[in-house]
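Comments concern the structure below.
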């Protein structure tokens, strides 16, 4: 399949699935299902691009395998989280419903399609390597795979440590277990690292222009849906304990904690 048709068909599938996801969200009255779709979507897209691309088969298999491992782990984790909360909705979406009031359904529909648009934009980083017919896998590509593997393990460990902490703690207590002692958001950091790895992998296939993917993801994680939103929620629920945590622990990049001087 030629690259243009490949990408357009992939985008059409995302558009269709976003509408299906919104219908499910309306049916179960839980918008958190969009997080689950987000988690699984990139593995599905990487598989689709690998199956329809005309580039080297070995490269396509490597890409789809690592992307599925990373994406499906995230999707399963988000599904379990959504399932455990249901019928209660994640506070992010509950707050949006309250804010949007009687217009919440129409605005949530737009929000879902904004998520779909973001998936389409990021999807290109998985398409580019499937166009490369060079049979030789370069050192740069192996480096990209290594970064993705490290990110996969780091994000999985951070999620596991946080889940274990939540089982035996009260809502106002702050997690400092393992990676959370070095970063307030190690899960977001390693999620971003994965996108750096995908860029490095795509770079060798003339995908230098996909640099926008890790840059855009960094912006989203720091300023839109990730760190900033999470920080506000934690200050509200944990108060002074979280403010102290902010003074001693890096916000994003894992670093040795500072001593609390106040």
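The values are calculated or read from the model by the stated rules, or taken from the named source; none is laboratory data. Since the structure is predicted, the reported quantities are computational estimates derived from the model, not experimental observations. Reconstructed Cβ throughout: ideal geometry from the backbone, glycine too, with neighbour counts over all protein chains shown.
Listed values, structure above:
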read-out: Selection within the stretch 80-119 - over 16 Å from residue 32 (Cβ atoms), surrounded by fewer than 19 Cβ atoms within 10 Å (Cβ to Cβ) and touching a residue at least 40 places away in the same chain (Cβ under 8 Å); value: 113, 118
read-out: Test: residue 251 is under 26 Å from the mean Cα position of the chain (by Cα), part of a helix (DSSP H, G or I) and in the same structural domain as residue 186 (by TED's automatic domain parsing); value: no
read-out: The listed residue being without any contact (Cβ under 8 Å) to a residue 40 or more places away in the chain and assigned to a helix (DSSP H, G or I), out of 162, 220; value: 162
read-out: Meets criteria (part of a helix (DSSP H, G or I), within 17 Å of the chain's Cα centre (by Cα) and surrounded by 17 or more Cβ atoms within 10 Å (Cβ to Cβ)) for residue 147; value: yes
read-out: Qualifying residue in the stretch 223-240 (condition: farther than 30 Å from residue 50 by Cβ and in a loop (DSSP other than H, G, I, E, B)); value: yes
read-out: Residue 92 under 15 Å from the mean Cα position of the chain (by Cα), assigned to a helix (DSSP H, G or I) and in the same structural domain as residue 1 (by TED's automatic domain parsing); value: no
read-out: Selected residue [surrounded by 21 or more Cβ atoms within 10 Å (Cβ to Cβ) and over 20 Å from residue 144 (Cα atoms)] from 18, 28; value: 18
read-out: All positions within the stretch 50-78 that are surrounded by fewer than 18 Cβ atoms within 10 Å (Cβ to Cβ) and within 20 Å of residue 192 (Cα to Cα); value: 65, 69, 72, 73, 76
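Okay, residues lined up against (1) in contact with a strand residue (DSSP E or B) (Cβ under 7 Å, 6 or more places away or on another chain); (2) modelled with pLDDT under 95; (3) over 30 Å from residue 134 (Cβ atoms); (4) outside any loop (DSSP other than H, G, I, E, B):
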| position | (1), (2), (3), (4) |
| --- | --- |
| 50 | no, no, no, yes |
| 71 | no, no, no, yes |
| 88 | no, yes, yes, no |
| 97 | no, yes, yes, yes |
| 119 | no, no, no, yes |
